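Have a look at the structure below before the remarks.
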């Protein structure tokens with residue numbers, strides 16, 4: 001019985017996917033504005049902020065995916081990309097607004113004497129310096145002047161400065177970080193196992209049996225699981241040691257027994273420390289009859305040990 005991978009159905013509640021895209025875009029815009037204001041008035045954390053922004057969009061997306069029962073990872077990822085893009089674009093839009101507002105207040109007197117509005121003068125300067133007005137001209141001017149990455153208290157000539165192509169590459173990296181984190185979180189949530197019969201996410205993680213965490217032992221367990229010999233798999237698990245252990249866990253729906261449970265073989269190291277480390281070394285879907293056979297083998301082993 002070779003390992004079977006869970007494949008999301010691609011379904012969702014009616015209207016859930018368009019709603020997800022809208023939610024991601026709105027959350028991205030709001031979070032982007034907040035990030036830009038914090039960076040402008042409090043502190044700028046360089047590439048950490050894009051990661052945080054992506055996590056915020058991805059977190060809200062995950063909640064909406066769970067509520068809308070969206071089992072379409074590609075659509076979820078696309079919504080995350082949209083939200084991340086809107087979020088990072090909002091950061092630049094707020095910076096652009098702050099730039100125009102600050103410059104307008106400084107040149108108000110000059111504008112009054114020239115008979116032009118501050119906006120007209122700003123756009124004229126941007127066109128003269130970069131060949132473009134508006135947001136595009138502002139970004140080109142920023143790239144021309146350079147973006148400094150420096151520690152708090154350092155002078156402008158300290159730290160790292162990105163100019164020209166380097167500035168655009170920096171912005172591209174920021175967009176990729178935001179969009180990538182948001183899309184990954186959204187897609188991973190949509191890949192969670194779902195019971196199509198009960199129309200609900202799997203809601204139980206049941207530890208079935210524990211054993212040795214040594215690879216030589218759990219690799220034999222895996223071999224027997226793939227052969228469908230559950231009694232042999234349970235018998236080969238070995239004993240838990242003070243430092244490491246393996247555990248067979250079934251992720252399943254609590255409302256029916258007609259679904260395919262997801263079996264995880266997890267290995268935990270550094271058991272008697274403050275930071276035990278757990279990793280999944282094997283995963284497969286089980287047919288309902290196979291899951292019952294596994295549980296029966298565990299019960300038989302326990303009954304034998306108790307007698």
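Structural remarks
Every residue, every condition in (1) outside the structural domain of residue 111 (by TED's automatic domain parsing); (2) surrounded by 15 or more Cβ atoms within 10 Å (Cβ to Cβ); (3) modelled with pLDDT under 90, yes or no:
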residue: 123; (1), (2), (3): no, yes, yes
residue: 144; (1), (2), (3): no, no, yes
residue: 148; (1), (2), (3): no, yes, yes
residue: 155; (1), (2), (3): no, no, yes
residue: 166; (1), (2), (3): no, no, yes
residue: 180; (1), (2), (3): no, yes, no
residue: 202; (1), (2), (3): yes, yes, no
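- In the stretch 16-47, residue surrounded by the fewest Cβ atoms within 10 Å (Cβ to Cβ) [restricted to those that are outside any helix (DSSP H, G or I) and in contact (Cβ under 8 Å) with a residue 40 or more places away in the chain]: 43
- Consider the stretch 276-307 and keep the residues that are touching a strand residue (DSSP E or B) at 6+ places or on another chain (Cβ under 9 Å) and part of a loop (DSSP other than H, G, I, E, B). The one that is surrounded by the fewest Cβ atoms within 10 Å (Cβ to Cβ) is 276.
- Among the residues of the stretch 261-275, just one is assigned to a loop (DSSP other than H, G, I, E, B) and at pLDDT 95 or above, namely 261.
- Which numbered condition residue 50 misses (of (1) over 13 Å from residue 177 (Cβ atoms); (2) in a helix (DSSP H, G or I)): (1)
- Residue within the stretch 68-87 that is outside any helix (DSSP H, G or I) and surrounded by fewer than 17 Cβ atoms within 10 Å (Cβ to Cβ) present: yes
The values are calculated or read from the model by the stated rules, or taken from the named source; none is laboratory data. What you are looking at is a predicted structure, and each value in this text was computed from that prediction instead of being measured. Note that each Cβ is placed from the backbone with ideal geometry, even for glycine, and that neighbours are counted across all protein chains shown.
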